Each structure stands twice: as structure tokens, then as C-alpha cells.
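S.K.: Structure provided below as C-alpha cells; questions to follow.
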Amino acid sequence: NKPVIHPGLLKTPALRWVENVNDTTVLRLVTQINMMDINALVRKNFDGKEFSSQGKSFTMSNILINCDYENIRFVTDIKGDANGTLILTGKPKYDKKSNTFKTENIDIAFKTKNKIHKAAAWIAEGFIRKELTKMMTFPLEEKLDEIQNDINTQLKDINQEYNMDLKADLYSITSEHFEMKPGAIETTIKASLKIEAYIKDLRKLGAPIQKK
């Protein structure tokens, strides 16, 4: 979803000169990490990839990632020393240090002929488990360019309407809160950015200038 910039924020009650101004502005907005977008990326990187451990291996295909109100679910067909469908389930958490949504302590199940079994140790433990867990990790910084583009699009409309040159350069984003929804992780983003504005006509803003 595109960040919403409410027109009311532009109509400031008064303007005044300030000598020292912080060079960074904080913006809070709501955005979504859509599983549909994640699916495209994961399929590109892992569809057809072979995983091996303890002298055994399998290849993944038909990968599907989805989520509900509680869990993320990673489902893939596998072929090799094990044939069937691998199902990974877990609850994501936001890791502030790495700025990622991580799904750790995942449950790994194996489905064959409509029966679900506990995955074999060579799949559910060790190296393969670590690699499968990585596929359920989503860096928030990957949304930075998308959010910047959304901001630029809306600033273009604002600049035209108010006859001004307003620029916003996004530096970093972090998650303050998130909720699971079917097909997406919805998160409140704290964005740090630098704003520069060249106002050609103050009357367009509808606000008087206060003298010091």
C-alpha cells in the first residue's frame, strides 16, 4: 500500500524562522510485506535448487509461501531421496538488530499420499534446517526503494498543487509494530528521511509567517 500523505499536514497554522533545525525527519506510515511478492523472489532463487546433507539430497519445486493471522507457511514439493511435499510453519518475529522479520523455531512436516509425517532428521535438523529457515527471513530494508518511489510519486502531485519543490530522501526504515493478515504482514514503519523544500509562493500554503 502506498503511504498516505494527508493534505491537512500541509496547512500549517503558522511559519516561523528557526536557526537550528534537525537534519532528519521521522515519518510513520503503514505498509505491507505481501506474500505474493515474496513468492516471486523465493521461486526465482530456490525453485529447482538442490539441498543435501548426510549423503542424501532433494530438489525443490512448486514453492508457495503464505500466511494467516498467526503463522507463515512455506510449502514445496521435493524430489530425490525424499519425495513428497515439505511443509514449514512458524510465527515470525521482528528482529530490531538485523531489521528483519525472522521465522525461527519452525515446525517441519513431510506429506506423502495425503498423510503428514514428521520430517526425517537429515531434513529437519542441521544444515538443511538452517537453509530452510533463511528462506523464511524477510529483510525490511528491501522495502526502502519501494517506499521511496511511493513518496516521490505523491510529492510530485503535492509540488504541482502547491507550486513548490519538495524533496524527501529516505535513509532508513524500522518496524514499530506489525500484524499478521491473510497473505501479508502489515507493519507500522518508522522512516528517517531528510526533507528539503523550496516554497515559491507562501500564500499557497494558506499560513501567515511569524516573525522572531
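The values are calculated or read from the model by the stated rules, or taken from the named source; none is laboratory data. Just so it is clear, the model here is predicted, and its values are computed rather than measured. A quick note on method: Cβ atoms are made from the backbone with ideal geometry, for glycine too, and the neighbour counts reach across all protein chains shown. SASA here: full protein model, heavy atoms, side chains in, ligands and nucleic acids out. Shrake-Rupley method; radii C 1.70, N 1.55, O 1.52, S 1.80 Å.
S.K.: Does region 38-82 come out rounded, prolate or oblate by the C-alpha gyration tensor, with a ≥ b ≥ c the root eigenvalues, rounded set by a/c under 1.5 and, if not, prolate when a/b is larger than b/c and oblate if not?
M.R.: Because a/c hits 1.5 or more and a/b exceeds b/c, region 38-82 counts as prolate.
S.K.: Then there is this: Taking N as the number of residues in region 69-138, what is its Cα Rg relative to 2.2 N^0.38 Å?
M.R.: 1.16
S.K.: Report P(r) for region 44-180: all Cα-Cα distances, bin width 10 Å, range 0 to the bin holding the largest distance, values in whole percent.
M.R.: Per 10 Å bin, starting at zero, the Cα-Cα P(r) for region 44-180 comes out as 10, 32, 25, 16, 10, 5, 1 percent.
S.K.: Still on this structure: May I ask you to give the percent of accessible area on region 29-75 that is carbon plus sulfur, with a probe radius of 1.4 Å?
M.R.: After summing per-atom areas, the C and S share lands at 48 percent.
S.K.: With a cap of 11 neighbouring Cβ atoms within 10 Å, and only residues DSSP puts in a loop, list the chymotrypsin sites (Phe, Trp or Tyr not before Pro) found in region 53-91.
M.R.: When the chymotrypsin sites (Phe, Trp or Tyr not before Pro) of region 53-91 are filtered for loop state and at most 11 Cβ neighbours within 10 Å, Tyr69 remain.
S.K.: Further, regarding this structure: How about Lys181: which lysines have a C-alpha closer than 22 Å to its C-alpha, ignoring those fewer than 8 places off in the same chain?
M.R.: Within the straight-line cut-off, Lys181 pairs with Lys2, Lys91, Lys93, Lys96, Lys102, Lys134, Lys143, Lys190.
S.K.: Further, regarding this structure: Applying the Karplus parametrisation 6.51 cos²θ - 1.76 cosθ + 1.60 with θ = phi - 60° to the phi angles of region 86-93, what ³J(HN,Hα) value in whole Hz is obtained for each residue in order, glycine and proline being reported as x?
M.R.: Karplus-based 3J(HN,Hα) across region 86-93 equals 9, 10, 10, 9, x, 9, x, 10 Hz.
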